[in-house]
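Structure first, commentary second.
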Amino acid sequence: CDQIHGRCNCQAGWGGRHCNVRLHPACGLGEQPEPQIRISCAGLRKLSPVACECLVQCLEDGEQVCGHSSAGCNDYWKIGLPTARKSQAWNLTNEVGFFSRL
């Protein structure tokens with residue numbers, strides 16, 4: 001913690017005045033001894049597949065999440081509307097399709 005400014009600059013996945021509050025508990029990496037390693041919401045795409053509950057918790061905190069195959073982060077979202085005729089993979093790389101399925 002920063003003693004001069006009186007606040008903690010918490011590592012990814014931690015919050016609270018003393019960085020002792022686990023953010024996004026559904027995004028945990030399983031049971032770990034202390035201190036636990038936490039992953040930022042933006043970095044979750046590297047750990048795919050990710051639980052929908054984890055993505056919802058990230059979004060509720062105003063954090064950005066990536067779609068299937070890093071759509072919306074490393075790649076642009078597909079243009080158009082999702083339909084039943086398009087593949088599930090295509091629909092999940094479309095912003096409307098991805099967020100509607102959460």
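The values are calculated or read from the model by the stated rules, or taken from the named source; none is laboratory data. Owing to the predicted nature of the structure, the values given are computational and were not obtained by experimental measurement. Every residue, glycine among them, receives a Cβ derived from its backbone with ideal geometry; neighbour counts consider all protein chains shown. For accessibility, only protein heavy atoms count, side chains too; no ligands or nucleic acids. Shrake-Rupley method; radii C 1.70, N 1.55, O 1.52, S 1.80 Å.
Going through Ala89, Ala26 one at a time, which residue ends up being aliphatic (A, V, I, L, M) and closer than 29 Å to Arg7 by Cβ? Talk me through it step by step, then tell me what you get.
Details: Ala89 fails: closer than 29 Å to Arg7 by Cβ.
When all the criteria are applied, what remains is Ala26.
Look through the stretch 13-48, keep the residues that are part of a loop (DSSP other than H, G, I, E, B) and among the charged types (D, E, K, R), and return whichever of them is modelled with the highest pLDDT.
Ranking the qualifying residues of the stretch 13-48, first place goes to Arg17.
Filter the stretch 73-85 for residues that are more than 18 Å from Ala42 (Cβ to Cβ) and loosely packed, with under 11 Cβ neighbours inside 10 Å and give the result. Before you say what the answer is, go through the steps one by one.
Let us first name the residues in the stretch 73-85 that are more than 18 Å from Ala42 (Cβ to Cβ), namely 78-85.
Matches in the stretch 73-85: Ile79, Leu81, Thr83, Ala84, Arg85.
Taking the stated definitions as given, is Ser70 on the phi > 0 side of the Ramachandran plot and loosely packed, with under 15 Cβ neighbours inside 10 Å?
Taking the combined requirement at face value, the residue satisfies it.
Going through the stretch 86-98 one residue at a time, which ones are more than 11 Å from Ala71 (Cα to Cα) and open to solvent by 70 Å² or more (accessible area, probe 1.4 Å)?
Matches in the stretch 86-98: Lys86, Gln88, Val96.
Check Glu31 against each of (1) open to solvent by 50 Å² or more (accessible area, probe 1.4 Å); (2) within 16 Å of the chain's Cα centre (by Cα); (3) under 25 Å from Gln11 (Cβ atoms) and name the one condition it does not meet.
(2)
What do you reckon, is Gly62 of a type in the set (Gly, Ala, Ser) and part of a loop (DSSP other than H, G, I, E, B)?
Yes; evaluated as a whole, the condition is true for this residue.
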